[in-house]
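Note sheet for the following structure.
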Amino acid sequence: MFFNRFWACFGWTAGVLAMVGSTATSDEGLPTGLVKEKPAEGRFVETDKGFMVPYEVHIPGSKATFRMLPIPGGTFKMGSPESEEGREEDEGPPVEVRIEPYWIAECEVSWTEYKHFMSMYEVFKKFEFRGIRTVTDENRSQTITCPTPLYEPTFTFELGEDDTQPAVTMSHYSARQYSKWMTYLMSNFYRWPTEAEWEYACRAGSTDAYSFGNDASELGEYAWYYDNADESYHDVGTKKPNAWGLHDMHGNVAELCMDQYAADTYAKLQGETQNATDMIVWTTKMFPHVIRGGSWDSDAAGCRSASRDMTDDWREEDPNEPKSPWWFTGEPGRAVGFRLVRPLNEPAEEVKQKFWAEDSVLLEIAVDNRLEGGRGVRAVVDPDLPEAAKQVEDE
């Protein structure tokens, strides 16, 4: 297996950590997170473009920071064997998958990060009122919608809204808009993981039920789940990381993946080794989508590396019609969040747009209805946004 080739590279020290703001390049003129010379210590991945290293992102105009960690390319068996305890039918038959290098967030997106995104709603409304930074045919591809104010904040925040707790109850569409916002704000391509990339990162080289082995009695050291979570999510990054430095891949909140859920996904992929980005099940309807990792409300079996789950239309309590495209208003929405990924090899612009698109007729109708009714706003995102936001907030 490829893992042995990279194992010596995967330590952690602050010595190779770069801090970036709204820039697409490092001090060496390479894309963010790449250096020319092999680091003398710490975590890195060698590629034909340079050495991938961890880097820290500061979201301009906020106090939010997060770390991205490099993940090596290679192949792995996705899914679980029939002998694995707790296995479900949709986890097999296992598929061999080829993965290209990427960076993935060390932790799930926290309220610090997501609330800053939420704050853009009022900023964008001010832009709209003043007729500045208007949307045109030329810049439409760089526009987003952001979440409307919560209809019932006490539901979303009942389990906590501390800065270091994971953000929850956002829809699949809203999380995609978040990654588009990050992309044009930071000038690096961000999305969230495909189902294959997520499992690969979770396993961190392991072929066992969990990233740390098969003994479920050890899960509490790595995860907040039903047995120890006291019916709530907890601060991100407080449990042990996996071998690649990633926290909360098991438990805390389940994590959205790009793929539409289908029980027979693996059965359709038997044969040759699959490329992770070629096997994405692109979404064509609002539900269901894949969620992975289990949550604070999951049992041990639901937190296994291969365990699959799916979203549903958790919007029953939403009194609006069409119902909100940005928020879940029912359970188990408070047990679902996400984390960011940045591929080493950026795709063409039209492929990037597929990761963010309004990808079903019902979703398009819901978004358009909200925008036409003044209950939503579409705005341009670029590196100048933080300064423009500051100006209208100061007025």
Inset, instruction - State the percentage of accessible surface on the chain attributable to carbon and sulfur atoms; use a 1.4 Å probe and exclude ligands, DNA and RNA. - result: 48
Legend entry - Local electrostatic count, Lys390, Cβ distance below 12 Å [Lys/Arg +1, Asp/Glu -1]: -4
Inset, instruction - Set the Förster radius R0 to 45 Å, insert the Cβ-Cβ distance between Lys63 and Thr207 as r into 1/(1 + (r/R0)^6), and round the FRET efficiency to 0.05. - result: 0.65
Legend entry - GNM result for the chain, Cα springs below 10 Å: residue of Trp224, Trp314, Trp244 fluctuating most strongly: Trp314
Inset, instruction - Please report how far the C-alpha centroid of region 276-306 lies from that of region 87-124, rounded to the nearest whole angstrom. - result: 10
Inset, instruction - Could you tell me what fraction of 2.2 N^0.38 Å the Cα radius of gyration of region 100-188 comes to, as a two-decimal ratio? - result: 1.22
Legend entry - Rounded, prolate or oblate (a/c below 1.5 giving rounded, otherwise prolate when a/b exceeds b/c) for region 330-395 by Cα gyration tensor: rounded
Inset, instruction - Treat each spin label as a single point 7 Å out from the Cα along the C-beta direction, and report the Ser232 to Asp162 distance in nm. - result: 0.8
Inset, instruction - Give the value in nm², to one decimal: projected area of the alpha carbon convex hull of region 191-251, averaged over all directions. - result: 4.5
Legend entry - Heavy-atom surface of region 238-395, accessible at 1.4 Å and reported per residue (Å²): 40
Inset, instruction - Return the single residue from Leu69, Leu269, Leu219 with maximal mean-square fluctuation; model: Gaussian network over the chain, springs between Cα atoms under 10 Å. - result: Leu269
Legend entry - Cα gyration tensor category, rounded, prolate or oblate, for region 143-285 with a/c compared to 1.5: oblate
Inset, instruction - As a check on your grasp of the helix formula, calculate [θ] at 222 nm for the chain: sum -39500 (n - 2.57) over DSSP H runs of n ≥ 4, divide by the residue count, round to the nearest 500. - result: -6500 deg cm²/dmol
Legend entry - Simple label model, 7 Å out from Cα along Cβ direction - Ala243 to Asp48, nm: 2.7
Legend entry - Residue with peak Gaussian network fluctuation, the chain [Cα springs, cutoff 10 Å], from Arg339, Arg43, Arg130: Arg130
Legend entry - Pairwise label distance in nanometres, Ala267 with Glu331, each label 7 Å out on the Cα-Cβ vector: 3.2
Inset, instruction - Give the Kirkwood hydrodynamic radius (Å, one decimal) of region 276-351, defined as one over the mean of 1/r across all pairs of different Cα atoms. - result: 15.0
Legend entry - Extension gain (nm, one decimal) between Glu372 and Arg130, 0.36 nm per residue minus Cα-Cα: 85.3 nm
Inset, instruction - Report the charge-dipole magnitude of region 123-253 in Debye, nearest 20, computed about the Cα centre from +1 at each Lys and Arg Cβ and -1 at each Asp and Glu Cβ. - result: 1020
Legend entry - Farthest positive-ward along the chain dipole, Cα basis, beta-carbon charges - from Asn139, Asn252, Gln177: Asn139
Legend entry - Exceeding the 25 Å Cα-Cα cut-off - candidates Lys38/Lys352; Lys36/Lys63; Lys125/Lys390: Lys38/Lys352; Lys36/Lys63
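The values are calculated or read from the model by the stated rules, or taken from the named source; none is laboratory data. The structure presented is a predicted model; accordingly, all values stated were derived computationally and were not measured. Heads up, the Cβs are rebuilt from the backbone with ideal geometry, glycines too, and the neighbour counts pull from every protein chain shown. Note: accessible area is taken over every heavy atom of the protein model, side chains too, but ligands, DNA and RNA are not part of it. Shrake-Rupley method; radii C 1.70, N 1.55, O 1.52, S 1.80 Å.
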